[in-house]
Amino acid sequence: MDDLNNIIAKLHPLERQVLPALKETSNVYTICKKTKLADVEVMRALQWLENKAILTTQTQKKKVIILEKNGILYKREGLPEKRFLKALDDTFKGLNVIIKKARLSKEEANACIGLLKKKNLIEMSQDNGLTVKITEDGKKMAHQEWPEEQFLLHAFPKEYDDNTDQNSVEELKKRREIISVQEEKIVTATLTPLGIKIAEQDLGGEVINRLTPAMLRTGTWKEKTFRAYDVEINVPKIFHGKKHFDNEALEYIKRIWLDLGFKEMTGNYVQSAFWDLDALFVPQDHPAREMQDTFYLDGKAKLPPFWKKIKEVHENGADTGSTGWKYSFSEAETQQLLLRTHTTVLSAQTLSTLKKEDLPAKFFSVGRVFRNEALDWKHLFEFYQVEGIVVDPNANLKHLKGYLTQFYKKMGYTAVRMRPAHFPYTEPSLEVDVFHPIKKQWIELGGAGIFRPEVVKPLLGFECPVLAWGQGMGRIIGEYWKIADIRDLYKNDVKQLREMKLWLK
């Protein structure tokens with residue numbers, strides 16, 4: 001009994017009103033009539049009672065016929081065509097006389113003429129203006145109850161089932177705002193054994209659900225009975241607003257580099273082939289410059305004043321100690337516009353602005369890049385790249401490994417190794433691997449190295465070691481959320497976005 005009293009003490013005022021009605025009916029519509037509560041209030045009370053295992057609900061989808069504006073009017077005053085017929089006798093009558101006698105609008109009268117003439121219930125004459133006369137069939141029909149009239153006398157909403165007069169429904173649906181067929185959810189509620197016991201109890205008088213300032217001010221709260229606060233009730237899960245999980249990781253990565261004393265580089269998505277490729281000593285016949293790897297755009301870029309220095313480096317190495325690529329550098333090729341293929345373009349532009357007195361200097365970027373790739377589980381045509389450079393006369397490979405080891409440690413990878421590799425704009429060039437703590441194996445995450453003199457000297461104006469790296473962010477962060485398919489980082493699945501754990505490192 002104590003358990004029942006505890007449950008009753010927690011009942012909301014709406015639940016207390018609905019429970020007695022459930023002893024007599026299970027239909028929500030009837031409950032609304034008995035309790036004089038709004039439909040939404042009854043449904044809310046039923047949900048709360050179901051959460052307490054006091055009742056169960058069943059929902060069925062049914063088609064119902066709804067009476068619309070003209071249907072309500074015609075149910076009260078009769079169908080326009082029937083009133084039109086009753087306004088006629090054996091003589092021809094003018095249209096205005098009929099409209100007045102039958103209480104019709106001109107539009108309704110014109111519609112009636114077409115309908116009744118089609119059924120041979122009226123005759124038309126053009127003598128002395130348009131006149132109308134009822135036929136013998138029309139006289140009979142004027143005093144009979146039509147199926148459509150009989151149908152309109154039903155109570156609405158009416159269930160649309162096998163017993164429905166299909167002909168009348170189809171006939172009335174053709175006409176404007178008489179009836180419509182809609183799908184509705186029919187909810188019924190059934191008391192559980194616990195619910196039957198509670199419904200038989202005296203639920204008491206008024207129970208207060210909320211303490212108001214007025215009660216406190218006047219002291220009337222002392223005379224009230226308050227509902228017990230229910231801390232056990234199941235409530236709908238609330239999803240708070242939050243950043244996309246990819247952005248959480250992105251901001252964390254930025255914070256790592258900022259804490260290490262780096263400055264952020266930013267720039268445009270649209271760049272010239274000069275900055276994206278030529279300034280980085282990528283030959284103009286390199287496969288990466290083909291349409292299948294690069295998104296080219298219409299238009300022509302304006303070149304910086306020193307572009308001929310880059311041209312000379314490509315053709316013969318200039319004063320870098322290199323022999324260059326030994327081909328004829330194309331001005332038209334270097335002026336092409338494209339979507340940047342890597343954020344290293346920002347490193348090149350940053351180098352071109354530095355002076356000796358600015359050194360040493362450290363820069364990073366976390367930005368989108370674009371590749372004309374076939375989309376699959378490990379390739380995207382748009383993704384984030386983590387880029388960095390250190391411009392320091394005393395920098396070497398040990399420093400490069402130190403920076404990257406520190407970065408990956410903060411990303412959750414404790415072991416980092418570097419393997420020899422080849423990239424057009426770094427020498428030496430390195431592939432960076434990290435040891436996966438779960439899979440117990442080395443995985444490749446990006447490239448790094450020291451910029452070649454062919455890149456540094458024409459941009460910076462003098463020789464200086466420049467440590468550089470560029471890694472795809474998706475591979476770095478995907479493991480944290482157990483994402484094997486890189487496309488899942490950006491699929492905009494609301495369920496995934498709600499349930500994805502926060503980035504906590």
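Per-residue answers, yes or no, for (1) among the β-branched types (Val, Ile, Thr); (2) under 30 Å from residue 411 (Cα atoms); (3) touching a residue at least 24 places away in the same chain (Cβ under 8 Å):
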| site | (1), (2), (3) |
| --- | --- |
| 256 | yes, yes, yes |
| 263 | no, yes, yes |
| 272 | no, no, yes |
| 280 | no, yes, yes |
| 284 | no, no, yes |
| 313 | yes, no, yes |
| 321 | no, no, yes |
| 337 | no, no, yes |
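If you scan region 55-84, which residues turn out to be in a helix (DSSP H, G or I) and over 13 Å from residue 177 (Cβ atoms)?
76, 77, 81, 82, 83, 84
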Would you mind stating whether residue 195 is loosely packed, with under 14 Cβ neighbours inside 10 Å and out of contact with any Asp or Glu (no Cβ under 9 Å at 6 or more places or on another chain)? no
Kindly list the number of the only condition in (1) out of contact with any Pro (no Cβ under 9 Å at 6 or more places or on another chain); (2) outside any strand (DSSP E or B) that fails for residue 167. (1)
Right, residue 489: part of a helix (DSSP H, G or I), among the hydrophobic types (A, V, I, L, M, F, W, C), within 25 Å of residue 378 (Cβ to Cβ) and assigned by TED's automatic domain parsing to the domain that holds residue 375 or not? yes
Of all residues in region 204-223, how many are part of a loop (DSSP other than H, G, I, E, B) and either under 21 Å from residue 19 (Cβ atoms) or of a type in the set (Phe, Trp, Tyr) (or both)? 6
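Looking at the structure I just gave you, is residue 82 surrounded by fewer than 20 Cβ atoms within 10 Å (Cβ to Cβ) and either in the same structural domain as residue 157 (by TED's automatic domain parsing) or β-branched (Val, Ile, Thr) (or both)?
Here the answer is no, as residue 82 does not meet what is asked.
If we scan region 283-299, do we find a residue that is in a helix (DSSP H, G or I), among the aliphatic types (A, V, I, L, M) and under 21 Å from residue 343 (Cβ atoms)?
Looking through region 283-299, at least one residue is in a helix (DSSP H, G or I), among the aliphatic types (A, V, I, L, M) and under 21 Å from residue 343 (Cβ atoms).
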Check on residue 445, in contact with a helix residue (DSSP H, G or I) (Cβ under 6 Å, 6 or more places away or on another chain), surrounded by 14 or more Cβ atoms within 10 Å (Cβ to Cβ) and not in a helix (DSSP H, G or I): yes
Members of region 221-238 found to be surrounded by 11 or more Cβ atoms within 10 Å (Cβ to Cβ) and more than 18 Å from residue 6 (Cβ to Cβ), listed by number: 221, 224
Which one of these does residue 255 not meet: (1) touching a helix residue (DSSP H, G or I) at 6+ places or on another chain (Cβ under 7 Å); (2) assigned to a helix (DSSP H, G or I)? (1)
Do the conditions hold for residue 313, that is, is it surrounded by fewer than 16 Cβ atoms within 10 Å (Cβ to Cβ), assigned by TED's automatic domain parsing to the domain that holds residue 467 and aliphatic (A, V, I, L, M)? no
Sort out which residues of region 1-54 are buried (at least 16 other Cβ atoms within 10 Å of the Cβ), without any contact (Cβ under 8 Å) to a residue 24 or more places away in the chain, assigned to a helix (DSSP H, G or I) and among the aliphatic types (A, V, I, L, M), and write them in order of number. 21
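Please find, within region 259-282, the residue that is farthest from residue 311 (Cα to Cα) out of those that are of a type in the set (Val, Ile, Thr) and in a loop (DSSP other than H, G, I, E, B). Explain how you work it out, then say what you get.
Quick first cut of region 259-282, residues of a type in the set (Val, Ile, Thr) only: 266, 270, 282.
Now restrict to residues that are in a loop (DSSP other than H, G, I, E, B): 266, 282.
Working: 266: 26, 282: 11 Å.
Taking the candidates together, the pick is 266.
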Hey, residue 341 surrounded by 13 or more Cβ atoms within 10 Å (Cβ to Cβ) and either without any contact (Cβ under 8 Å) to a residue 40 or more places away in the chain or on the phi < 0 side of the Ramachandran plot (or both) or not: yes
In region 462-478, anything at pLDDT 80 or above and in a helix (DSSP H, G or I) is listed as 473, 474, 476, 477, 478
Enumeration of residues in region 301-318 that are basic (Lys, Arg) and touching a helix residue (DSSP H, G or I) at 6+ places or on another chain (Cβ under 8 Å): 309, 311
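The values are calculated or read from the model by the stated rules, or taken from the named source; none is laboratory data. Just so you know, these numbers come straight off a predicted model, no measurement behind them. All Cβ positions, even for glycine, are placed from backbone atoms using ideal geometry, and neighbour counts span all protein chains on display.
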